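Values quoted throughout were computed directly from the atomic coordinates according to the rules given, and no laboratory measurement underlies them. Remember, predicted model here, so these are calculated numbers, not experimental data. Note that each Cβ is placed from the backbone with ideal geometry, even for glycine, and that neighbours are counted across all protein chains shown.
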Amino acid sequence: MTPRRAVIALLLGLATLSACSTEGEMRAVDPAGSGEPSASASTDAAPTPVPDGPVSTHGLVTVLDDGDGPEMCLGAVAESYPPQCGGPKLDGFDFGDVGAESAAGVTWGSYALIGTFDGTTFTVTDSTPAALYDPMAEEPVDGLEAACSVPGGSGGGRTSPEDMDATLAAASALPGYATAWLTGDTINVAVTEDATGAEATLRETWDGGLCVTTVERTDADLNAINQELQAALGEQLLTSGSFAPDSLDAQVVFDDGSIQDWADATYGDGLVTITSALVPAS
């Protein structure tokens with residue numbers, strides 16, 4: 001594993017899906033999470049909104065038929081051959097003459113879909129295969145900034161990839177560890193306590209750029225909330241995980257704003273950001 005891959009694995013807290021994943025494993029779950037539900041969590045059940053008008057996929061999605069009828073894969077897709085995935089059943093869908101592949105009794109392809117969704121079945125009114133789809137330009141996603149303005153080094157020579165890996169491993173064992181990320185060759189580490197002591201520990205293995213900052217929630221705290229969120233949202237949830245300190249991101253099949261309101265009321269404003277895989281058709 002390269003140093004950059006190592007730090008990405010530490011930062012995201014989002015389980016990687018292997019090529020042999022089954023449909024039941026498609027929801028991204030942090031396997032390290034083992035905390036108790038947060039004491040502040042609301043006992044109100046999560047809402048299950050259903051769109052009251054036409055909706056569309058957010059760009060292209062995989063449509064797959066393994067013999068039981070086509071399904072719309074809104075979540076992760078295992079990169080096997082043929083691929084593996086699952087999702088809402090499709091009604092009124094035809095693969096057409098462009099873009100579909102078949103192998104081992106499975107037919108699949110990438111399509112942009114418009115239709116209606118009753119919470120279980122997506123009835124297709126329009127489909128565009130990837131070959132004919134004109135995607136709108138998406139703004140690039142910026143990475144996290146450095147946690148300090150002057151990430152000075154200590155002047156020593158411990159800056160090799162092996163030194164970086166050792167330092168990232170040491171960071172994950174710190175008391176109150178929250179997360180770590182790279183900005184260039186600078187290691188950034190967030191902890192909930194004793195930033196000075198944490199920096200001293202990390203300087204035992206790293207002489208390059210280093211920023212240590214404090215945040216409110218540990219990695220274990222976010223893992224516990226993430227597991228609680230997964231249990232509450234159930235089959236509505238497609239993926240969830242942490243991409244930045246003190247925050248969780250979750251994608252659901254459909255949200256009209258009510259799931260976001262529930263998350264804010266349950267976990268506090270801004271902790272969980274909900275995105276919807278299906279959006280109102282324009």
What spacing in nm lies between the two simple spin-label points modelled at ALA100 and GLU79, each 7 Å away from Cα in the Cβ direction?
-> 2.6
How big is Rg to Rh over region 61-129, alpha-carbon atoms, Rh as the Kirkwood inverse-mean-distance radius?
-> 0.93
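How much length would be gained if the chain were fully extended between GLU162 and CYS148, taking 0.36 nm per residue of separation minus their Cα-Cα distance, in nm to one decimal?
Numbers: separation 14, 0.36 × 14 = 5.04 nm, distance 2.35 nm.
Net length gain for the segment: 2.7 nm.
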Please state the Cα pair-distance histogram of region 107-204 with 5 angstrom bins from zero: what percent is in each bin?
-> 2, 10, 15, 15, 10, 5, 4, 6, 10, 11, 8, 3, 1
Using Cα pairs under 8 angstrom and six or more residues apart, how large is the relative contact order of region 64-112, in percent?
-> 38
Grab the Cα-Cα distance for THR213 and ALA231, subtract it from 0.36 nm times how many residues apart they are, and report the gain in nm with one decimal.
-> 3.4 nm
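Just to confirm a number: summing +1 for Lys and Arg and -1 for Asp and Glu over residues other than LEU174 whose beta-carbon lies under 13 angstrom from that of LEU174, what do you get?
Here the charged neighbours net out to -4.
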